[in-house]
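Here the structure comes first, spelled out in structure tokens, and everything after it is commentary.
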Amino acid sequence: MRNIILTGMMGCGKSTLAQMLGEQLHRNVVDTDTLVEEKSGITISQIFAQYGEEHMRELETAVCRELSQQENLIIATGGGLPLRQENRDYLRSTGTVFFLNRDPSEIYDTMDKSGRPLAQQGKAAFLQRFSDREPIYRDFAHVTIEDFSTPEHTLAEILQKMEVQP
Ligand code: S3P
């Protein structure tokens, strides 16, 4: 079975929704941040602090290459993973990509910012980062999700839109 891939800004709910989808569909859930941490043996914050963002993207590419050989997964992706075209290509070819397009201002106000190095520069920088990335998320995704009233509603929208995907 083809993978289900969740993309969108940090804090938009990818990990929560991935867990809910895994339970509902009885499929394994993976998180690219966790896979990067396992691969490197250090945390995401340490990767950024010691080696910088480019190294993070390098590790993400290695993870995407491995995931491109696997199926039947629910994949929660790091918010910056689609910045590299090759990362988008690897994952997009394995399944359906959903962009969780939650309002970035609401995300910023409610998100746990600890452990997220790119959420430390204030709200204006976060909103700017979102507008820079939005076209990339749209390019990566097959489907955009817009209902974030409750996690259950978001889940229902994903399940409903899955049915109309090839
Ligand atoms: C990042 C998002 C994070 C993590 C890293 C960088 C980003 O993942 O990969 O802190 O560039 O948006 P989440 O989207 O799971 O927070």
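The values are calculated or read from the model by the stated rules, or taken from the named source; none is laboratory data. The shown structure was predicted, so the numbers you read here are calculated from the model rather than taken from an experiment. Using ideal geometry, Cβ is built from the backbone for each residue, glycine included, and neighbour counts are taken over all protein chains shown.
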Would you confirm whether or not the stretch 2-11 contains a residue that is surrounded by fewer than 16 Cβ atoms within 10 Å (Cβ to Cβ) and at pLDDT below 95?
yes
Is there a residue in the stretch 30-37 that is buried (at least 21 other Cβ atoms within 10 Å of the Cβ) and not aliphatic (A, V, I, L, M)?
yes
Looking only at the stretch 1-42, count how many residues are without any contact (Cβ under 8 Å) to a residue 60 or more places away in the chain, over 20 Å from F126 (Cα atoms) and not in a strand (DSSP E or B).
17
Look at T110 and say whether it is at negative phi, surrounded by fewer than 13 Cβ atoms within 10 Å (Cβ to Cβ) and touching a residue at least 40 places away in the same chain (Cβ under 8 Å).
yes
Filtering the stretch 1-58 for residues that are more than 10 Å from the ligand (Cβ to nearest atom), of a type in the set (S, T, N, Q) and within 17 Å of the chain's Cα centre (by Cα) leaves a count of 4
Looking at the stretch 137-156, which of its residues are out of contact with any Lys or Arg (no Cβ under 6 Å at 6 or more places or on another chain) and surrounded by fewer than 18 Cβ atoms within 10 Å (Cβ to Cβ)?
R138, D139, H142, T144, E146, D147, S149, T150, P151, E152, H153, A156
